[in-house]
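Scroll down for the structure; my scribbles are underneath it.
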Amino acid sequence: MKKVRKAVIPVAGLGTRFLPATKSVPKEMLPVVDRPVVQYAVDEAFEAGIEHIVFVTGRNKQAIEDYFDVVPELMGTLQQGGKTEQYGSLERLLPQAGSTTFTRQQAPLGLGHAVWCARDVIGDEPFALLLPDMVSFGKRGCLAEIMDVYSVSGGNVIAVEQCDPSETHKYGIVGRGGPMGSGFEVTEMVEKPAPGKAPSNFYINGRYVLQPEIFDLLENQERGAGGEIQLTDAMVRLADSQKFYAKPFDGRMFDCGSKEGFIEANVAFALSRSDIGGTVLELVGDLIRAHGRRDAA
Ligand code: UTP
């Protein structure tokens, strides 16, 4: 079984749900508390043992590349001002020199197309895929959990979570087969099944380990839902010749690509912080009470 060394993080989408902010700020740079969304995915990848990250970027995403580089003036000012703690934390967040690659998706033709743009950099080896707008919240990162299953199962592994059965039509859903390590074998995958037609309520939550044969399928993948080249459509075809496994995530993934999920993530991460959690709890409590009084009036 080949080791998973590289991860793809696609960041070339337009982020239309966050307009007007995303006119000039990539949605992956919006902060959850004080870190940009994309930083959480990078931390999660390195925590899971990934050695190299391939960012698939696009026009107007320069801020992401700059973010993962040194800013000499800032570092110099922090050092001169004796702000050693801030200096150290910025230094720790920097990926090691040479451990990232940036490649371009020239037009946002869909997630499947973005993944295909990383084919030459990945080469002939399995790789991890992290959708950065899905932010992992738990004791361990979601990717580390699916890597555990991969070390037992090989093949392709996807992370899943359970949704309310009435909501299955919004997601990619997998069918549940026999056990495999701490996960299970996938019997089928359906993108946004019609109400009542879902094989389970386990939805694909944005973390994958995939075999490189996916690239050949993406190369000739026709446009699917929304006129975009869909990753799930290629995975369904790959499942004809390769096994897929799923791991229910022990934590929770926040969908920071939606306004509600982004706000929920900010509150959840803030409440979990020892420096500001207590104050934020009081502030949120006050807001809820004031809202209740307004409703009653
Ligand atoms: P989304 O579909 O959530 O991102 O893709 P989007 O298209 O930017 O969002 P909206 O719907 O317009 O608000 C999930 C991830 O895949 C990347 C996005 O940047 C995001 O991180 N993506 C999506 C690409 O890199 N290229 C694409 O063509 C589409």
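Only one entry of VAL135, VAL149 meets the criterion of being at pLDDT 95 or above and out of contact with any Gly (no Cβ under 6 Å at 6 or more places or on another chain), and that entry is VAL135. Filtering LYS3, LYS27, LYS23 for residues that are surrounded by fewer than 21 Cβ atoms within 10 Å (Cβ to Cβ), of a type in the set (D, E, K, R) and either more than 25 Å from SER258 (Cβ to Cβ) or in contact with a Gly (Cβ under 6 Å, 6 or more places away or on another chain) (or both) leaves a single hit, LYS3.
Among residues of segment 93-110 being closer than 16 Å to PRO26 by Cβ and touching a residue at least 60 places away in the same chain (Cβ under 8 Å), the one that is farthest from the ligand (Cβ to nearest atom) is ARG104.
The conditions of being within 10 Å of the ligand (Cβ to nearest atom), in contact (Cβ under 8 Å) with a residue 12 or more places away in the chain and either surrounded by 13 or more Cβ atoms within 10 Å (Cβ to Cβ) or not in a helix (DSSP H, G or I) (or both) are met by VAL115.
Suppose the filter is modelled with pLDDT of 95 or more, out of contact with any His (no Cβ under 7 Å at 6 or more places or on another chain), surrounded by 13 or more Cβ atoms within 10 Å (Cβ to Cβ) and assigned to a loop (DSSP other than H, G, I, E, B); does GLY49 pass it? Let's see the steps before the verdict.
Working: modelled with pLDDT of 95 or more: yes; out of contact with any His (no Cβ under 7 Å at 6 or more places or on another chain): yes; surrounded by 13 or more Cβ atoms within 10 Å (Cβ to Cβ): yes; assigned to a loop (DSSP other than H, G, I, E, B): yes.
Yes: the conditions hold for GLY49.
Screening ASP69 on (1) within 19 Å of the chain's Cα centre (by Cα); (2) more than 12 Å from the ligand (Cβ to nearest atom) shows it passes everything except condition (1).
In segment 11-41, what count of residues is obtained for those that are outside any loop (DSSP other than H, G, I, E, B) and either under 25 Å from GLY138 (Cβ atoms) or among the small types (Gly, Ala, Ser) (or both)? Explain how you work it out, then say what you get.
Our first condition is that a residue be outside any loop (DSSP other than H, G, I, E, B); within segment 11-41, this holds for 16-18, 21-23, 27-29, 31-32, 35-41.
Those left that are additionally either under 25 Å from GLY138 (Cβ atoms) or among the small types (Gly, Ala, Ser) (or both): 17-18, 21, 27-29, 31-32, 35-41.
Of the residues in segment 11-41, 15 are outside any loop (DSSP other than H, G, I, E, B) and either under 25 Å from GLY138 (Cβ atoms) or among the small types (Gly, Ala, Ser) (or both).
For VAL121, the requirement of being within 15 Å of the ligand (Cβ to nearest atom) and under 15 Å from the mean Cα position of the chain (by Cα) is not met. Of all the listed residues (ASP250, ASP286, ASP275), the sole one being among the acidic types (Asp, Glu), over 16 Å from ASP34 (Cα atoms) and assigned to a loop (DSSP other than H, G, I, E, B) is ASP250.
Set side by side, the residues GLN62, GLN39 differ, and just one is polar (S, T, N, Q), away from the ligand (no atom under 12 Å from the Cβ) and surrounded by fewer than 16 Cβ atoms within 10 Å (Cβ to Cβ), which is GLN62.
In the condition set (1) closer than 16 Å to ALA239 by Cβ; (2) crowded, with 18+ Cβ neighbours inside 10 Å; (3) away from the ligand (no atom under 16 Å from the Cβ), GLY154 is compliant with all but (2). In the set (1) under 29 Å from ILE276 (Cα atoms); (2) away from the ligand (no atom under 11 Å from the Cβ), ILE50 fails one condition alone, (1). Screening THR168 against (1) away from the ligand (no atom under 16 Å from the Cβ); (2) polar (S, T, N, Q); (3) assigned to a loop (DSSP other than H, G, I, E, B) leaves a single unmet condition, (3).
The values are calculated or read from the model by the stated rules, or taken from the named source; none is laboratory data. It should be emphasised that the depicted structure is a prediction, and the values quoted were computed from it without experimental measurement. Reconstructed Cβ throughout: ideal geometry from the backbone, glycine too, with neighbour counts over all protein chains shown.
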